[in-house]
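In what follows, a single structure is set out as structure tokens and then discussed.
The values are calculated or read from the model by the stated rules, or taken from the named source; none is laboratory data. Computed from a predicted model, the values in this text were never measured in an experiment. Glycine gets a Cβ as well: all are built from the backbone with ideal geometry, and neighbour counts include every protein chain shown. Surface accessibility is based on the protein's heavy atoms, side chains included, excluding ligands, DNA and RNA. Shrake-Rupley method; radii C 1.70, N 1.55, O 1.52, S 1.80 Å.
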Amino acid sequence: MGPWPNDPLGPQARASADVYWIMFIAAVIVLVIVDGGLLFAGFRFRARPGHVAKQFHGHNFLELIWTVVPTIMVISFSVLSFQKLTFMNDTRTGAQMTIQVQGQQWTWVYSYPKEDRFKLPDGTYLQAAEELHIPVNTKVRLELSSKDVIHSFWVPNIGGKKDAVPGRPTELWIEADKPGTYKGQCFEFCGTGHADMLVTLVVHPQAEYAAWIGDALKEAARATAPETKAGRELFLSLPCTGCHTIKGTTAAGKVGPELTYVASKKSIAGGLLSPVNEANLTKWLQNPPAVKPGTLMPNLNLSAEQIRDLVSYLLTLKCPDNATTKCP
Ligand code: CUA
């Protein structure tokens, strides 16, 4: 981010910054002329003993100027705004990919296009929470929806800001000039977790986007393996997702520890249960407060079968041997 809060780093943001700066500079010029004239007249023609004010009525030329000039200015601003709005609202022309963005309390879920390059072994397509990944210099159309209440998608440097409204699809397009990570924030108050409902936009160089898709598919395939289907679906249907994150799934809670590589951790329950194995995970899930009094994790009164399924799923969440990024 540059010195200005509205530092635009994409064409969408640049369009609105252009309107902002043109109107701002015009407003400063008007301010200087009008208030300058006012101060000048107030000082130059102030009441002084011995001076008699000149008596006259009207001044056709001046009146013409201060009627015609503002009219031309207002019309120009309208034309300029309509032009930029048309550009900013055009989500179709030149869009190279469409990603579905669903807001829910309190995370965003991104569904990538149903194209072969995003296809998983089980026939579904890549879907992820946490981060939105796009290639640089590519116009990406976002289809926004909401699962519960109104949210608002916004990455300030890239532009946009559009509400995600339940039952009413909206759309937006984004494009970034440079690779990097851009931060955003849900912009519509949506409940207690609103402040934590961040947007993380990761922009890749064109040549590296395919490699990212490969990594994301591997991660998602591991997270969608048939052997752990029962435990995984159970995990995603229980309140677990509200507190825990498992990368490659829609679980993106921030209250509890991340579980993406829980099977590679040294311990769980804040170090009370070590190592991370079937016995300890089972003990923990049976009754967390009994193991660690005061823990925020409630006893969900899970059945023995549910615990078995969950444990067998959690035990597959290992740090890969050839991990290129750090595993916790
Ligand atoms: Cu979602 Cu605020």
So what is the accessible area of the chain per residue, in Å², with the probe set to 1.4 Å? 59 Å²
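If the viscosity is 0.890 mPa s and the temperature 25 °C, what translational diffusion coefficient in µm²/s does Stokes-Einstein give for segment 191-319 when Rh comes from Kirkwood over Cα pairs?
Calculated translational D: 154 µm²/s.
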Hey, got the dipole for the chain? About the Cα centre, +1 on K and R Cβ, -1 on D and E Cβ, debye to the nearest 20? 680 debye
Please report how far the C-alpha centroid of segment 121-145 lies from that of segment 157-230, rounded to the nearest whole angstrom. 7 Å
Putting +1 on Lys and Arg Cβ atoms and -1 on Asp and Glu Cβ atoms, find which of 231, 248, 288 reaches farthest to the positive end of the dipole of segment 181-328. 288
Debye-sum result for segment 123-187 in log10 I(q)/I(0), which assumes one identical scatterer on each alpha carbon, at q = 0.16, 0.26 Å⁻¹: -0.58, -1.30
For segment 245-302, what is the charge dipole size about the Cα centre, in debye to the nearest 20, if Lys and Arg each add +1 at the Cβ and Asp and Glu each add -1 at the Cβ? 120 debye
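Suppose only helical runs count, i.e. DSSP H with n ≥ 4. What mean residue ellipticity at 222 nm does that imply for the chain under -39500 (n - 2.57) per run, divided by all residues and rounded to the nearest 500 deg cm²/dmol?
-11500 deg cm²/dmol
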Using a Gaussian network model on the chain with a 10 Å cutoff between Cα atoms, which of 280, 60, 301 fluctuates the most? 60
Past the 32 Å Cα-Cα mark, which pairs from 229/292; 183/218; 119/283; 119/292; 229/265? 119/283; 119/292
Computed D for the chain, Stokes-Einstein, Kirkwood radius over alpha-carbon pairs, 37 °C, 0.692 mPa s, to the nearest µm² per second, is 137 µm²/s
Carbon and sulfur %, accessible surface of the chain computed with the full protein complex present, 1.4 Å: 62 percent
Counting only residues 5 or more places away or on other chains, whose amide H sits under 5 Å from the amide H of residue 315 once H atoms are built in the peptide plane? none
Contact order normalised by length for the chain, with contacts defined as Cα pairs under 8 Å and 6 or more residues apart; what percent is it? 14 percent
To the nearest 20 debye, what charge dipole does segment 174-282 have about its Cα centre, counting +1 at the Cβ of each Lys and Arg and -1 at the Cβ of each Asp and Glu? 300 debye
Distance in Å, no decimals, from the C-alpha centre of segment 1-77 to the one of segment 270-315 is 68 Å
List the residue ranges in the chain for DSSP H helices whose C-alpha atoms run 20 angstrom or more along the long axis and whose Kyte-Doolittle average is 1.0 or above. 11-44, 60-89
